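Enquirer: The structure under discussion is supplied below as C-alpha cells; questions concerning it will follow.
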Amino acid sequence: MGWNVGLFFAVSRYGHALHLQGRGLQEGDFTYVAFPAEPTPEDTRWSDWRRAVLLATALLWLSSFSVSTLRNVLDHMPSLDVVIVMRLATCLVGCLFCFIIHLILDRLEHRSLRLRLIAGAVLIVVVADGFTWVNALAIGWVLPSVAKAQNTPSQIILAVLYWVWLFFGWTAMYLAIRYNFTARQQERRWIELQRHAHVAQMRALRNQISPHFFFNTLNSISSLILDRRTDEAEAMVVRLAAFFRAGLAVDPLEDITLAEEIALQRLYLEIEKVRFPDMNFDLTGTDNVKDALVPPLILQPLVENAVKHGVAGSALPVTIAVTAHADRDQLVLRVHNDVPVTAASATNGTGTGLRNVSERLSLRFGDDASFAAGPSVPHGFTVTFSLPLRWAR
C-alpha cells in the first residue's frame, strides 16, 4: 500500500499549492514591506479546499481501481468487462462513504481533538466493514464462484484490513488538506492584521507632525499679533494655509518625489523665517536626486527640530541645510544646522521628532533603512538617514 502514502503527500502538497494559488502568492514571496493583495472571498477559499478534497478522493479511488483492474488483467479474470463496470460502481460507493466521513468530521470541526480522533477511528472501521460487505455482494453478483472462494474468515479479515487501510489513508489526506487550508487561512488573517496595524501606526506617527507644527505656528502668529506686527502675521497665515493645503493633499501612505518634499519644507521654513528673520536655509543640495521617492513629510520633524532647538536657541544667525545623494542602491539624506553645540545643548528636547522619523523608516523599510543623529564637527547638529533608492516613473 505504499502508493497510498505517496498519494497522501502528493495530494497534501497539491492542496498547499492550490491554496497559495488562490491567495495570489507563491512560497517565499512574502517580505516585510510587500503585503499581499486583498483577501480572496471566504467562499472562494473554501471552494478551493473542497476542490482539493474532491481531487484527492478521485485520485485515491482511481488508484485503487487501477491497481485492482491491473491485478484482474494479470490473473486473466473471466468476464473482465463486467468486472470493470462492477469495480467502477463500487468505487463510486467508496466515494460516497468518504463523503459521509467528511460530513461527520466537518460537524466535529470545533470539538476536542480527542473526540475527533475517536470519531475518526470508529468511522474508518465502520465504513471499511460496510464497504467490505458491499464489495463482497458485488463480487458475488458478478462472479459467484470467486465470491464463494473468498468467503472464508481469513479472507474476510484481510479484506476488512485492506479497506481499513484505504479509508485511513483517505481520512489522513482529508485531515491534512483541511489543516493545511485552515492554517493558511489563519496565516492570511494574521498578515492582514499586521497590514492594518502597520497602516494604523504609520498614520498615527504621521499625524504627530501636523498638530505639533500647527500649534507652534499658531503661537508664533499670536506673538506677532501681540507685537502688532500684523503684516508679518498675515503673511504667516497665508503661508500656513499654503503649507496645509499642499500637505493635506498628500496621501500619507503614498510616496512623493524628493522635489515635492523639499517644496513642502521650503513652505514651512518660509513660515518660520517670519518669526526668525536671521535664519537661513539651503535646500539646493538635493537637485541630483530630486526624482527619488521618499515618504511624505519625512523631513518635517527634522527641519522643525532644527528650527526649534537650533534657531530658536541661538542668538547667532543659523543656517539649515538639507542635502541628498545616491549611494549605490540607497538614498542618503542629511539635515544639518550650524548652531554651536553649546547653544544647542541649552535646549533639551524630548526626542519625539527624531524618534518619529526613525520609527517610520523602521516600519516602512525595516533593515534596509538607517538613521543617525548627533553633534557634528566642528559645530552644529546633523541628522543622517538612508532608505532604498527608488525613482518616480
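Enquirer: What do you get for Rg/Rh of the range 214-348 when both radii come from the Cα atoms and Rh is the Kirkwood radius?
Expert: The Rg/Rh ratio comes out at 0.99.
Enquirer: Still on this structure, please answer the following. Tell me, what is the 1.4 Å probe accessible area of residue 109, in Å² to the nearest 10?
Expert: Its heavy atoms expose roughly 50 Å² to the probe.
Enquirer: How long is the gain from residue 71 to residue 312 if the chain were fully straight, where each residue apart is worth 0.36 nm and the alpha carbon distance is subtracted?
Expert: 77.4 nm
Enquirer: Measure off, as a whole percent, the carbon and sulfur share of the 1.4 Å-probe accessible area of the range 219-312, all protein chains present.
Expert: The computed percentage sits at 50.
Enquirer: Under a crude label model (7 Å from the Cα following the beta-carbon direction), how far is residue 393 from residue 195 in nanometres?
Expert: It works out to 1.9 nm between the two label points.
Enquirer: Using the alpha carbons of the range 92-134, what is the convex hull volume per residue in cubic angstrom, as a whole number?
Expert: Convex hull of Cα atoms, per residue: 44 Å³.
Enquirer: Quick one: go through the range 243-283 and flag any residue whose amide nitrogen is under 18 Å from the point 7 Å out along the Cα-to-Cβ line of residue 215.
Expert: Once the point is set 7 Å along Cα→Cβ of residue 215, nothing inside the range 243-283 turns out to lie under 18 Å by backbone N.
Enquirer: Per residue, what accessible area does the range 230-276 have, given a 1.4 Å probe and all protein chains present, in Å²?
Expert: 48
The values are calculated or read from the model by the stated rules, or taken from the named source; none is laboratory data. Remember, it's a predicted structure, so these values are computed and weren't measured experimentally. Every residue, glycine among them, receives a Cβ derived from its backbone with ideal geometry; neighbour counts consider all protein chains shown. With ligands, DNA and RNA removed, areas are computed over all heavy atoms of the protein, side chains included. Shrake-Rupley method; radii C 1.70, N 1.55, O 1.52, S 1.80 Å.
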